[in-house]
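Have a look at the structure below, then the notes.
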């Protein structure tokens, strides 16, 4: 257990290194970018530019700016937005993180649960039409781009049936369609993953034994199959987090949700560098934390992995 | 009970007369040793299995047709995809001699079905099979060219990610030791960076265009390829036939190319097949949020984005490109699934 703690400590160190690297790369890339943060720079006098530069700390040498930026990051200061009324980027993010988190979490929970059901059922009914339908659903879900799916949902539930608002942010009712659009990718992924795992587990020796003891097919599935098949599902969390980030950028735009993704797209289109860097850091932090969490959880749930890492060191 | 009875009856076989037996002939014995089935190489064997998978074969044929159509787009396209005929803007689809709503040039406006082509004084012999956009450009031609751009980006990105990923993975796994350790730490750090972030940063730094998208995609996709190739190499390099080659004095490099690489083929092909639809999706995603292919050129992503803006009034502009893109994605995924079953790396492990 002691060496497992050491292993985790090492992972945390790598995580910080990754974040530092990303921060440095984004900083210097942004410095390389053409263009100016001020609109109508031609109309500004040199004095005005000098004043503005001083205000935003752009008059310092690049290396000093870099130091200030990294130090700011460590203390949670992400700088000030160029575009949105001089709002600090951290305020901009904390104001917008709620809606994004809400639809993201709803999508992951609903998508994964449905995916698990779909995967288990198709593994249990292997080779029948149920299996074919479930597999086909998963493939279609994986293949159709989520923005196409989102527009389809808008058309059917918003325009034709008028059950939900088309593009509006007023609370739960307006979060249903975007969550559905985002849920399709975790659903497809977990269904596919779960099916493979279940098929694997169902042909293992201890399941054979359970069957031999006289347990019914579904009893075996619930008591022995699903539990063991669920463990590897945790590894999907990382890819899911990535899919959600990408997804939220288009879904939030389509459904007009005041979230991080929508903000990010706006910042990219308006060259709002501090905000782009801030959101980039947020996304990276999220992904790195999820990866770390998956590693830790996996070690705790499945002792074999822990033993393997301990043996390796 | 059943099996017990069977056992008993098998044990009590009545007397066997010698004329039931034939004397073994020397020639016959040699014949028995012959392998009658032709010996198949790995690829032939996989191909045989793939052919049995109807879904995968249909997908493959469909993809070949779509690829050919997009390659020969300049020959097939009825119009210049960027030529604007403002007088013919926003026309619905019309195909000659077909009178089905949706393909006869009519559209419902104010609860009445009107013939848009007549309203705009379009000559009778001018037909836009999939309609036109707001600048009067032929959607059918634009989709053909858009598919061409999307597929080009995906194929080139896949090729680059194949080259980088396989080289990196092979080196890391084959050399092992300290080199492997360092290379793996680098991968570990890189995999914490969201793809999205790299792609968007690259697009901000490079000028927008086909090649920036390709470079951005290639820079992100190779990591998983490198990981898989490394894991497989680690496994393969301890196999007996590699030891045999070593004992016989083959150089490290020739073992890597002659014995390791061919055995990696299965996993590599599968990985490439999965990376193509993901590249197509990413390109469409970038175009959709507005940092993809610059106008007037189009990819499937930009067409969907343009169509989305007016999807309630001119649905054909959104749904035809979406349908083509979905079809390509589904086919690639089904074919990749089929290939995975055919190569079946799980059985080979």
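The values are calculated or read from the model by the stated rules, or taken from the named source; none is laboratory data. Note that the structure is a prediction, hence the values are computed from the model and not measured. With ideal geometry, Cβ positions are generated from the backbone for all residues, glycine too; neighbour counts draw on all protein chains shown.
Below, the figures for the structure above:
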{"item": "Members of the range B:178-215 that are modelled with pLDDT of 85 or more and under 21 Å from residue B:271 (Cβ atoms)", "result": "B:180, B:183, B:184, B:186, B:187, B:213, B:214, B:215"}
{"item": "Test set (1) more than 22 Å from the chain's Cα centre (by Cα); (2) within 14 Å of another protein chain (Cβ to nearest Cβ); (3) buried (at least 18 other Cβ atoms within 10 Å of the Cβ) - residue B:172 fails condition number", "result": "(2)"}
{"item": "In the range A:262-288, residue modelled with the lowest pLDDT [restricted to those that are surrounded by fewer than 21 Cβ atoms within 10 Å (Cβ to Cβ) and assigned to a loop (DSSP other than H, G, I, E, B)]", "result": "A:271"}
{"item": "Test: residue in the range A:234-241 that is over 30 Å from residue B:203 (Cα atoms) and over 13 Å from the mean Cα position of the chain (by Cα)", "result": "yes"}
{"item": "Count of residues meeting criterion [within 12 Å of chain B (Cβ to nearest Cβ), outside any loop (DSSP other than H, G, I, E, B) and buried (at least 16 other Cβ atoms within 10 Å of the Cβ)] in the range A:138-170", "result": "16"}
{"item": "Candidate set from the range B:306-328 (those that are surrounded by fewer than 23 Cβ atoms within 10 Å (Cβ to Cβ) and closer than 20 Å to residue A:142 by Cα); member that is nearest to the other protein chains (Cβ to nearest Cβ)", "result": "B:326"}
{"item": "Leading residue by the ranking (nearest to the other protein chains (Cβ to nearest Cβ)) among those in the range B:205-215 that are free of Cβ contacts under 8 Å to residues at least 60 places away in the same chain and in contact with a helix residue (DSSP H, G or I) (Cβ under 8 Å, 6 or more places away or on another chain)", "result": "B:205"}
{"item": "Residues satisfying the stated conditions in the range B:290-304, i.e. surrounded by fewer than 23 Cβ atoms within 10 Å (Cβ to Cβ) and either within 13 Å of another protein chain (Cβ to nearest Cβ) or assigned to a helix (DSSP H, G or I) (or both)", "result": "B:290, B:291"}
{"item": "Candidates B:301, B:292 - the one that is at pLDDT below 85 and out of contact with any strand residue (DSSP E or B) (no Cβ under 6 Å at 6 or more places or on another chain)", "result": "B:292"}
{"item": "Output for the range A:227-239, where each listed residue is surrounded by fewer than 20 Cβ atoms within 10 Å (Cβ to Cβ) and in contact (Cβ under 8 Å) with a residue 60 or more places away in the chain", "result": "A:230, A:231, A:233, A:234, A:235"}
{"item": "Residue within the range A:50-63 that is assigned to a helix (DSSP H, G or I), within 25 Å of residue A:293 (Cα to Cα) and at pLDDT 80 or above present", "result": "no"}
{"item": "Among (1) touching a residue at least 24 places away in the same chain (Cβ under 8 Å); (2) outside any helix (DSSP H, G or I); (3) surrounded by 17 or more Cβ atoms within 10 Å (Cβ to Cβ) - the single one residue B:228 does not satisfy", "result": "(2)"}
{"item": "Any chance residue B:199 is within 14 Å of chain A (Cβ to nearest Cβ) and outside any helix (DSSP H, G or I)", "result": "no"}
{"item": "Unique residue being modelled with pLDDT of 85 or more, assigned to a helix (DSSP H, G or I) and more than 14 Å from chain A (Cβ to nearest Cβ) when the list is B:284, B:244, B:256, B:342", "result": "B:244"}
{"item": "Any hit, the range A:130-137, residues being away from every other protein chain (no Cβ under 14 Å) and either out of contact with any strand residue (DSSP E or B) (no Cβ under 7 Å at 6 or more places or on another chain) or free of Cβ contacts under 8 Å to residues at least 60 places away in the same chain (or both)", "result": "yes"}
{"item": "Residue selected from the range A:243-270 under the condition touching a residue at least 24 places away in the same chain (Cβ under 8 Å) and at the interface with chain B (Cβ under 8 Å from one of its Cβ atoms), by the criterion nearest to residue A:74 (Cα to Cα)", "result": "A:245"}
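Table: residues versus (1) surrounded by 11 or more Cβ atoms within 10 Å (Cβ to Cβ); (2) within 14 Å of chain B (Cβ to nearest Cβ); (3) modelled with pLDDT under 75.
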{"site": "A:34", "(1), (2), (3)": "no, yes, yes"}
{"site": "A:40", "(1), (2), (3)": "no, no, yes"}
{"site": "A:45", "(1), (2), (3)": "no, no, no"}
{"site": "A:71", "(1), (2), (3)": "no, no, no"}
{"site": "A:81", "(1), (2), (3)": "yes, no, no"}
